[in-house]
Amino acid sequence: MISGVAAIILLAVLLLWHNKIISPGLWLVITVPLVIFAGGFFLVKHTLNVFIREKVNTLHRTIHNLNPHQATRDNGSSGGDIISEVEEEVMDWAEQKKTELEKLKGMETYRKEFLGNVSHELKTPIFNIQGYVLTLLEVGVDDPEITKLYLERTVKNINRMTSIVDDLESISGLESAVLKLNIESFSIRKMIKEVFESNEMRAKKFNIKLETGKTKESGELVKGDKRWIFQVLNNLVVNSINYGDKNGRTTVSYRPEGDKVYVEVRDNGIGINADELPRVFERFYRVDKSRSRDTGGTGLGLSIVKHVLEAHNQTLDLKSVPGKGTTFTFSLDKA
């Protein structure tokens with residue numbers, strides 16, 4: 001603004017001198033101060049810009065958490081409004097920090113819920129064990145039948161606590177990537193048979209029929225960590241039994257497609273409401289809380305399924321209709 005006015009005055013003086021309206025002496029008297037003023041103005045402006053850029057660069061490094069020796073901006077003249085530029089960057093930085101803060105708040109909420117769930121899950125068997133032991137100490141220690149009954153119940157609750165701790169340890173290992181997968185080839189058809197055999201008594205207890213769907217022997221060989229994939233399939237079958245209807249069925253089948261084999265676990269049980277589908281893989285989340293606790297589940301089975309398949313870089317799909325049943329489908333690499 002000021003430099004523009006000085007340039008206009010200087011131009012006017014030159015025109016007047018050129019047209020011999022003013023004398024050369026008067027021209028010098030007018031132009032010399034104008035030149036000195038303009039030169040001083042540009043020198044001060046340049047010095048001020050350099051000073052401002054140094055302060056802005058310090059702020060820029062702070063915002064982006066960079067090394068003090070790392071170049072952050074062009075120290076030369078950019079021709080732009082440096083204050084506007086840094087204001088925009090500060091606003092971007094503030095928005096980024098706001099997003100990070102919201103994520104941290106979400107994680108804190110999840111942490112509190114998780115600790116509350118762990119406490120609740122462990123509290124029940126601990127109180128049961130305490131009650132059984134106190135009863136034995138007070139009245140039942142001389143009665144062999146009561147002693148045996150309460151000791152059996154104590155062992156059952158201890159096993160439940162052990163299952164919860166083991167499942168938490170499994171998830172922790174999968175999430176931290178400390179666990180190394182032992183990838184090998186195996187028959188998914190034989191694994192389905194082994195899972196059915198291990199759950200035969202549970203299925204009979206709930207009067208659930210275990211059956212194999214239509215399969216092709218050409219796609220039975222798959223690749224993965226056999227121990228962990230067994231746990232995936234077992235957890236899905238156990239889940240289908242726990243939430244199955246009396247006289248219902250659980251069907252497991254597989255189909256090869258391209259370089260993948262898709263394993264399907266389908267039941268005709270109670271199903272899952274649409275608003276609950278996104279949460280079924282959360283730790284300790286239960287569709288039917290009273291029913292799942294009666295069956296002895298830890299509430300961690302589906303969370304383990306999710307983490308194991310993610311560790312294998314495989315997909316997991318869930319479809320369910322309330323009152324008609326649920327279908328889980330996961331992929332494995334073909335051997």
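The values are calculated or read from the model by the stated rules, or taken from the named source; none is laboratory data. Only a predicted model underlies this, so the values are computations on that prediction, with no experimental measurement involved. In this analysis, Cβ positions are derived from the backbone assuming ideal geometry, glycine residues included, and neighbour counts consider all displayed protein chains.
The C-beta contact set for region 192-203 (first residue assigned by TED's automatic domain parsing to the domain that holds residue 226, second residue part of a helix (DSSP H, G or I) and surrounded by 14 or more Cβ atoms within 10 Å (Cβ to Cβ), distance under 6 angstrom, 6+ apart or interchain) comprises 195/233; 195/234; 195/237; 199/237; 202/241; 203/241. Is it the case that some residue within region 256-266 is closer than 25 Å to residue 201 by Cα, among the acidic types (Asp, Glu) and under 26 Å from the mean Cα position of the chain (by Cα)? Within region 256-266, one or more residues are closer than 25 Å to residue 201 by Cα, among the acidic types (Asp, Glu) and under 26 Å from the mean Cα position of the chain (by Cα).
The single residue among 239, 247, 313 that is assigned to a helix (DSSP H, G or I) and either polar (S, T, N, Q) or modelled with pLDDT under 90 (or both) turns out to be 239. Checking the structure you have, find out if any residue of region 177-197 is in a loop (DSSP other than H, G, I, E, B), under 33 Å from the mean Cα position of the chain (by Cα), among the polar types (S, T, N, Q) and surrounded by fewer than 19 Cβ atoms within 10 Å (Cβ to Cβ). There is at least one residue in region 177-197 that is in a loop (DSSP other than H, G, I, E, B), under 33 Å from the mean Cα position of the chain (by Cα), among the polar types (S, T, N, Q) and surrounded by fewer than 19 Cβ atoms within 10 Å (Cβ to Cβ). Of all the numbered requirements in (1) in a helix (DSSP H, G or I); (2) at pLDDT 75 or above; (3) closer than 20 Å to residue 302 by Cα; (4) not small (Gly, Ala, Ser), residue 167 misses one, and that requirement is (2).
Scanning region 258-273 for residues that are of a type outside the set (S, T, N, Q) and in a loop (DSSP other than H, G, I, E, B) returns 258, 259, 269, 270, 271, 272.
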